[in-house]
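A.B. asks: Please read through the structure below; I'll follow up with questions.
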Ligand code: ACO
């Protein structure tokens, strides 16, 4: 009987992986997992296991995991449910550390007993279990794509933990399209053993992860308070953004039948999550909008935000959004207004939103942004741009990146989010911004919402630190 492993290193940094149920046929799950592992560039050892195969994708195949002439850290199991227990026993005898059980047909369809046996058997041998009923796990710093999802996941600072398999796989593809860089993708499935809290705790200490995003449907009965307790600690180290599905009554019922867990009362979830320091996004788009800002930007040092725009309408929409998302707009003092006036015609507005007018070129933007960056009273900057013929979007993107990096060289780091409204060339300019560390969005509201998330997290950390300080004074 082995000692149960508490460290998830074997899940994220395995030295060797066996794929049990590796198929000879392209298009089958067991084949695609081996293909993803190879093609994404996993440099440690991969061992296909299949009693009917000599070789799969040019790798020698073994009839059983026990025949592999090497230690095996992780076993990915992709055989039908009725074969899983036999395979797990062999993994235990082999000394495997962690099992990634892809197979469906457990508690999600009422087969609680088989799931209980699966975990019990794994624990007898000291093995941990991810799943069952999952699409796998990705950890980009190790070039490990142990899934049957899309292959070319972009590396970056966002970890994505998902309780929904199909949605998770779909979103992996979407992050590639949107050029969102990920550190990890973890499919949780039925959470028979390893759960969201434990994975979050591991990723909170992972230097490659800057922000943790979670698609959550519901927790297993009896794990709620532990979840909140752990997440409270995690959110002090890294921002955690959760989309909680099943907000409506019918949605909650669907979530309960989908993963075999209970969806809680939405309002209570909301309050509990806030207390644990979790940022709750309304939908997936918002979650990744915020995550991108956290992954790329420094945290705000204060509340004072300045909006710089070339269009009055965009400025008004952003001002409304600022109120919605709790973003405080600075009333610029006279001397700061004078600084902004240098970059606008007489009919512009140096108030906040600072309206450079439709005459603004990248030069005026650059000047105004630098004033805001170098002024101590300004903490956060939101730049809005409506496509005009006098201001090339790519030139503007370069001007913004230059302003921010020059300030950085002078030791000034402030969060800057951008919204660019326009056509194809603005989309290219936004891509350039994102690739160069500035999150850019196609509408003002999303740039404001992302800034709002940074500010709320900053407030939370400040409050908690203050509370801890006060408590410690009283001891
Ligand atoms: N050890 C190793 N390999 C074995 C063993 C064994 N004991 N027994 C059989 N195999 C081989 C098979 O011969 C086969 O290889 P082959 O294709 O070369 O003949 C391979 O393992 C797979 O076995 P099959 O019986 O063909 O099983 P199949 O691939 O059809 O299904 C699977 C297995 C994928 C695990 C299926 O049972 C299942 O659970 N599918 C759902 C998975 C899923 O969706 N998970 C949730 C993901 S998230 C989402 O919702 C998208």
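The values are calculated or read from the model by the stated rules, or taken from the named source; none is laboratory data. Note that the coordinates shown come from a computational prediction; the quantities given were computed from them, not determined experimentally. Note: ideal-geometry Cβ built from the backbone for every residue, glycine included; neighbour counts use all protein chains shown.
A.B. asks: Counting residues that are at pLDDT below 95 and under 24 Å from residue 108 (Cβ atoms), which helices (runs of 4 or more DSSP H) fully inside region 164-275 reach at least 2?
C.D. replies: Answer list for region 164-275: 165-177, 224-237, 249-259, 266-275.
A.B. asks: Exactly one of (1) in a loop (DSSP other than H, G, I, E, B); (2) within 11 Å of the ligand (Cβ to nearest atom) is unmet by residue 43. Its number?
C.D. replies: Here residue 43 meets the rest and fails (2).
A.B. asks: Related question: Considering each residue of region 130-168, count those that are under 16 Å from residue 195 (Cα atoms) and free of Cβ contacts under 8 Å to residues at least 40 places away in the same chain, and give that number.
C.D. replies: Residues in region 130-168 being under 16 Å from residue 195 (Cα atoms) and free of Cβ contacts under 8 Å to residues at least 40 places away in the same chain: 1 in total.
A.B. asks: Among the listed residues 295, 321, which satisfies the condition of being more than 30 Å from residue 358 (Cβ to Cβ), at pLDDT 95 or above and surrounded by 20 or more Cβ atoms within 10 Å (Cβ to Cβ)? Quick ask: steps written out before the conclusion?
C.D. replies: On the way: 321 fails: more than 30 Å from residue 358 (Cβ to Cβ).
Going through 295, 321 in turn, the sole match is 295.
A.B. asks: Look at region 68-104 and say how many of its residues are within 11 Å of the ligand (Cβ to nearest atom) and farther than 19 Å from residue 117 by Cβ.
C.D. replies: 1
A.B. asks: Something else now. Among 426, 463, which is the only one that is over 23 Å from the mean Cα position of the chain (by Cα) and modelled with pLDDT of 95 or more?
C.D. replies: 426
A.B. asks: Could you tell me how many of the residues in region 113-129 are without any contact (Cβ under 8 Å) to a residue 60 or more places away in the chain and either closer than 22 Å to residue 166 by Cβ or within 13 Å of the ligand (Cβ to nearest atom) (or both)?
C.D. replies: Number of matching residues: 1.
A.B. asks: Look at region 13-39 and say how many of its residues are assigned to a helix (DSSP H, G or I), surrounded by 23 or more Cβ atoms within 10 Å (Cβ to Cβ), touching a residue at least 40 places away in the same chain (Cβ under 8 Å) and over 24 Å from the mean Cα position of the chain (by Cα).
C.D. replies: 1
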